[in-house]
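J.: Structure provided below as C-alpha cells; questions to follow.
Values in this text are rule-based calculations from the coordinates and carry no lab data. What you see is a predicted model, and the numbers here were worked out from it, not measured in a lab. Cβ coordinates were reconstructed from backbone atoms using ideal geometry, including for glycine residues, and neighbour counts include every protein chain displayed.
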Amino acid sequence: MTTGILLGLGAATCQSVSYVFSALFVRTAKRPPYVLLAMAHLAMGVVAAAALPWVLPARLPPLRTYLPALLGGVVFYLFGQMSLFLTQRRIDASRVS
C-alpha cells in the first residue's frame with residue numbers, strides 16, 4: 001500500500017511539472033502545440049521500444065479483443081493532450097493543473 005501511495009504522489013508531481021514545461025514550450029517556443037505533442041510521443045516511443053523485450057508477454061491475445069479499446073484510448077488521449085496544450089496558451093499552468 002505504501003508503494004502505491006508513493007508512486008501516486010510521484011506521478012502527480014511529475015504531471016504537475018510536465019504542465020509547467022509544456023506551458024513554457026507553448027508560450028515561448030512560438031511553435032504550434034502539435035510539435036510538442038509529436039516530439040513527446042517520439043521520445044515515449046523510443047523508450048517504449050527499448051523496454052519492449054522485457055515487458056512483451058510470450059503470447060498476445062487476438063487483436064480483435066482489444067483493438068476497439070486501444071483505438072479509443074489513443075484517440076481520446078491525443079484529443080485531451082491537444083486540448084491541454086491549447087488551453088495552456090491562454091491560462092497559467094498552475095490553474096490548469
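J.: Tell me the label-point distance for the pair residue 44, residue 17, using the 7 Å Cα-to-Cβ offset, in nm and rounded to one decimal.
T.: Output for this residue pair reads 1.7 nm.
J.: For residue 82 and residue 63 in one chain, what is 0.36 nm times their gap in residues minus the Cα-Cα distance, to one decimal in nm?
T.: Values: separation 19, 0.36 × 19 = 6.84 nm, distance 2.74 nm.
That works out to 4.1 nm of additional length.
J.: Sticking with this structure for a sec: Can you check how the C-alpha radius of gyration of the chain compares to 2.2 N^0.38 Å, as a plain ratio? Walk me through the numbers on the way to the answer.
T.: Values: Rg = 16.5 Å, N = 97, 2.2 N^0.38 = 12.5 Å.
That ratio works out to 1.32.
J.: Name the shape class, rounded, prolate or oblate, that the alpha-carbon gyration tensor gives for the stretch 1-55, where a ≥ b ≥ c are the square roots of its eigenvalues, rounded holds for a/c under 1.5, and otherwise prolate holds if a/b is larger than b/c and oblate otherwise. Don't jump to the answer; show the numbers that get you there.
T.: Values: a/c = 5.01, a/b = 1.32, b/c = 3.79.
Verdict is oblate for the stretch 1-55.
J.: Once Lys and Arg get +1 and Asp and Glu get -1 on their Cβ, which of 9, 23, 77 lies farthest toward the positive end of the dipole of the chain?
T.: Farthest towards the positive end: 23.
J.: Hey, another quick one. Round to the nearest 10 and give me the degree value, 0 to 90, for the angle of helix 33-55's Cα axis relative to the longest principal axis of the chain.
T.: In the chain, helix 33-55 runs at an angle near 30 degrees to the longest axis.
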